[in-house]
Amino acid sequence: MYCELKLNLRVKRKKRIPPRCPEKLLVPNKQGEYWSMDFMSDSSRNQRRFRTFNVIDDFNREALGIDITVSLPTGRIPRYLDKLG
């Protein structure tokens, strides 16, 4: 229709994403300096779901602790971290 009426078509310009400068990750120098934490979820054979809270030392990749439970309330995480530290 635009061509028949000899109108200019609107040109949509792509928005430019600003370049990112990612920071390099710090390498731990000693044991216990940095910990990584993660939640995982799975189910058993009888379809019962459970969650795990994993804490790993970044220096030697050692698992410091794994908390396995059916429900993981918010208040349980700091108590578990205090127990590890």
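Numbers at a glance
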| quantity | calculated |
| --- | --- |
| Inter-centroid distance (Cα atoms) of segment 10-26 relative to segment 37-85, Å | 36 Å |
| Highest-MSF residue in the chain out of LEU25, LEU72, LEU64 [GNM, Cα springs under 10 Å] | LEU25 |
| Segment 35-84 - convex hull of the alpha-carbon atoms, volume per residue in Å³ | 72 Å³ |
| Using θ = phi - 60° and Karplus 6.51 cos²θ - 1.76 cosθ + 1.60, couplings along segment 36-42 (whole Hz; Gly, Pro as x) | 10, 10, 7, 9, 9, 9, 7 |
| Two-decimal log10 I(q)/I(0) for segment 1-41, as the Debye equation yields it once each C-alpha is a single scatterer, q = 0.14 Å⁻¹ | -0.68 |
| Segment 1-69: radius of gyration over Cα atoms, expressed as a fraction of 2.2 N^0.38 Å | 2.38 |
| Segment GLU33-LEU5, extension gain: residue separation times 0.36 nm, minus the distance between their alpha carbons | 3.1 nm |
| Among ARG51, ARG13, ARG61, residue whose mean-square fluctuation peaks in a GNM of the chain (springs only between Cα atoms under 10 Å) | ARG13 |
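Every number in this text was worked out from the coordinates using simple rules, so none of it is lab data. Bear in mind the structure is a predicted one, so any value in this text is a computation, not a measurement.
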